Amino acid sequence: MALIVQKFGGTSVGDLDRIRNVAARVKSEVDAGNQVAVVVSAMAGTTNQLVSWARDIGPMHDAREYDAIVATGEQVTVGLLAIALQNQGVDARSWLGWQIPIRTDDVHGAARIDSIDTTLMRARLASGQVAVVAGFQGIAPDGRVATLGRGGSDTSAVALAAALDADRCDIYTDVDGVYTTDPRIAPKAQKLERITFEEMLEMASLGAKVLQTRSVAMAMRHNVNLQVRSSFSDAPGTLVVNEDAIVEQEKISGIAYSPDEAKVTIQGLPDKPGIAAAIFGELADNHINVDMIVQSAASEGQRTDITFSLGRGDLDKALEIIGGNKEGLAFQGVDSKGDVTKISVVGTAMRSQPGVAKTMFETLAERGINIEVISTSEIKISVLIASDYTELAVRSLHSAFGLDSED
Ligand code: ADP
Ligand code: ASP
Ligand code: MG
């Protein structure tokens, strides 16, 4: 007998028939003699609708009220799935974050899980009852509901699997595994049988939303046995594993893209200590995350340009902050672009293979795609390009790195 955590995403619980289908999948694990905790998302589209209502009623809203609104989608699906299971003769009950409880920090809207008390749930699981758990939510120290950031049900599932010391955590979604790139924009993408935690972490943080980044980090830390598979077929999925489980990696693993990026260049800054600290310190104080940063010599004398990328949603705020400190920073001008995409090539094979950057830059150049900013780490190279070229860049790189499927 094993203890299994299953997680079903928005499309998988998108209507009542699909919820019945999920119940049947849960039932088959129960019938096989396993203890099962199921984490569910809101029905596809629901959270987007809730977020837009919260924004429309007040753009500068109270984050605690935002959470009160957006956490409701999962409350509906846990109740529906519990009933569907009961109707199929399976003992089941729903659990909201606060009922378990899943305790989080106080960062409403993007909270981190601090602890999960599994005492009550373990007793119920041991008695044969299925736990149907609302993903994406917990309870903050102020006693109010907190949500975990978009895509957060993956993290709820992995955290629950770690807390319960589960034998497996299966993430059921609308694709049958992790692919070499998003199969929706590259039809020649191939399913990976295995991917390392490290590569999956990079892929997720660089835009592959098949798993929320935090869920991968947590699975890696707690050594959770993690698998991504389809809700709609029995095809084998993708295992996320430690690096030593993969023998020799010759190819890069994948191409990720993150479409909602923006770029800012501050021109003609005085070239002296403390300038970068002043700019990025102020942005950080205003909760703006900056990603790639490049500093280059300006054409005239003792001046320099700094270019950085950030989430498109933060662009206006960042420009306002920088513009408001023109005298303090003594720069000459600011230029910005709101329609850029970050494209990344990811793979541990890069450690032992020179020439990945060369292939990447040449491929983009052959297609006439201009690279605006570059950044690298040990196992990835990212570039910023004009958004119009996203699909062309992803497909061309996929091909250039030998990842295309045969048919
Ligand atoms: P869920 O609602 O089940 O959580 P998501 O929409 O969050 O599903 O994530 C699944 C989607 O991730 C897929 O439909 C696919 O378009 C996208 N995706 C992006 N990159 C990849 C990749 N490398 N492999 C698989 N899917 C990817
Ligand atoms: N429903 C939430 C979202 O859409 C959480 C999730 O689906 O993982 O972001
Ligand atoms: Mg998701």
Tell me, what is the per residue accessible area of segment 295-407 in Å², probe radius 1.4 Å? 50
Let's test the formula: R0 of 41 Å, r as the Cβ-Cβ distance of ASP285 and ALA365. What FRET efficiency results, to the nearest 0.05? 0.60
Any GluC sites (Glu not before Pro) in segment 239-272 that lie in a DSSP loop and have at most 10 other Cβ atoms within 10 Å would be GLU248, GLU250
Using 23 Å as the Cα-Cα cut-off, could you pick out the over-long pairs in LYS209/LYS358; LYS317/LYS342; LYS251/LYS342; LYS358/LYS380; LYS7/LYS251; LYS263/LYS317? LYS209/LYS358; LYS7/LYS251
Just the number, please: Stokes-Einstein D of the chain in µm²/s, Kirkwood Rh from C-alpha pairs, 4 °C, 1.567 mPa s. 57
Calculate what fraction, in whole %, of the accessible area of the chain sits on carbon and sulfur atoms when a 1.4 Å probe is rolled over the protein chains. 48
Between ILE374 and SER115, take the C-beta separation as r, use R0 = 30 Å, and let me know the FRET efficiency to the nearest 0.05. 0.15
Could you state the angle between the C-alpha long axis of helix 72-87 and the longest principal axis of the C-alpha atoms of the chain, as a value from 0 to 90 degrees rounded to the nearest 10? 30
Against the rule of thumb 2.2 N^0.38 Å, how large the Cα Rg of segment 241-348 comes out: 1.35
Kindly express, to the nearest 10 degrees and within the range 0 to 90, the angle between helix 275-285's C-alpha long axis and the longest C-alpha principal axis of the chain. 30
Using DSSP to define loop residues, name the GluC sites (Glu not before Pro) in segment 289-363 whose beta-carbon has at most 12 other beta-carbon atoms within 10 Å. GLU300
Accessible area per residue in Å² at 1.4 Å probe, computed on segment 90-236: 40
Going by the alpha-carbon gyration tensor, a ≥ b ≥ c the square roots of its eigenvalues, is segment 109-224 rounded (a/c under 1.5) or, if a/c is not under 1.5, prolate (a/b greater than b/c) versus oblate? prolate
Per 0.36 nm of contour for each residue apart, how much would the distance between ALA277 and ARG168 grow if the chain were fully extended, relative to their Cα-Cα spacing? 34.8 nm
Once ILE185 and ASP316 are pulled to full extension, the length gained, defined as 0.36 nm per residue separation minus their Cα-Cα distance, is 44.3 nm
For segment 193-204, in residue order, the Karplus 3J(HN,Hα) values (coefficients 6.51, -1.76, 1.60; θ = phi - 60°; whole Hz; Gly and Pro = x) are 6, 9, 9, 7, 3, 4, 5, 5, 4, 5, 4, 5
Does segment 123-178 come out rounded, prolate or oblate, given a ≥ b ≥ c as the square roots of the eigenvalues of its C-alpha gyration tensor, rounded meaning a/c under 1.5 and, failing that, prolate meaning a/b above b/c? oblate
Partner lysines whose C-alpha sits under 22 Å from that of LYS272, ignoring same-chain residues fewer than 8 away, are LYS326
Relative contact order of segment 147-231: what whole-number percent is it, with Cα pairs under 8 angstrom and at least 6 residues apart? 46
By the C-alpha gyration tensor axes a ≥ b ≥ c (rounded if a/c is under 1.5, else prolate when a/b exceeds b/c, else oblate), the shape of segment 173-232 is prolate
Using the Cβ atoms and a cut-off under 15 Å, what net charge is assigned to the surroundings of ALA42, where Lys and Arg are +1 and Asp and Glu are -1? -2
Per residue of segment 360-374, what does 6.51 cos²θ - 1.76 cosθ + 1.60 with θ = phi - 60° give for ³J(HN,Hα)? Whole Hz please, x for Gly and Pro, Karplus curve as stated. 5, 5, 5, 4, 5, 4, 4, 8, x, 9, 7, 8, 9, 8, 10
By how many nm would the segment from LYS358 to SER28 lengthen if fully extended, with 0.36 nm per residue of separation less the alpha-carbon distance? 113.8 nm
Inverse of mean 1/r across different Cα pairs in segment 140-285, Kirkwood, Å: 17.6
Mind checking which aspartates and glutamates have their C-alpha under 16 Å from LYS27, skipping anything on the same chain fewer than 8 residues away? ASP17, ASP91, ASP170, ASP234
If DNA, RNA and ligands are ignored and the probe is 1.4 Å, what is the ranking of ILE57, ILE293, ILE113, ILE369 by accessible area, most exposed first? ILE57, ILE293, ILE113, ILE369
Listed by chain and number, the residues whose amide H is under 5 Å from that of ALA92, excluding neighbours fewer than 5 places away on the same chain and using placed H, are VAL130
When only the heavy atoms of the protein chains count and the probe is 1.4 Å, how do TYR172, TYR66, TYR389 rank by accessible area, highest first? TYR389, TYR66, TYR172
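The values are calculated or read from the model by the stated rules, or taken from the named source; none is laboratory data. Note that the coordinates shown come from a computational prediction; the quantities given were computed from them, not determined experimentally. Note: ideal-geometry Cβ built from the backbone for every residue, glycine included; neighbour counts use all protein chains shown. Ligands, DNA and RNA are excluded from the accessible area calculation, which covers all protein heavy atoms including side chains. Shrake-Rupley method; radii C 1.70, N 1.55, O 1.52, S 1.80 Å.
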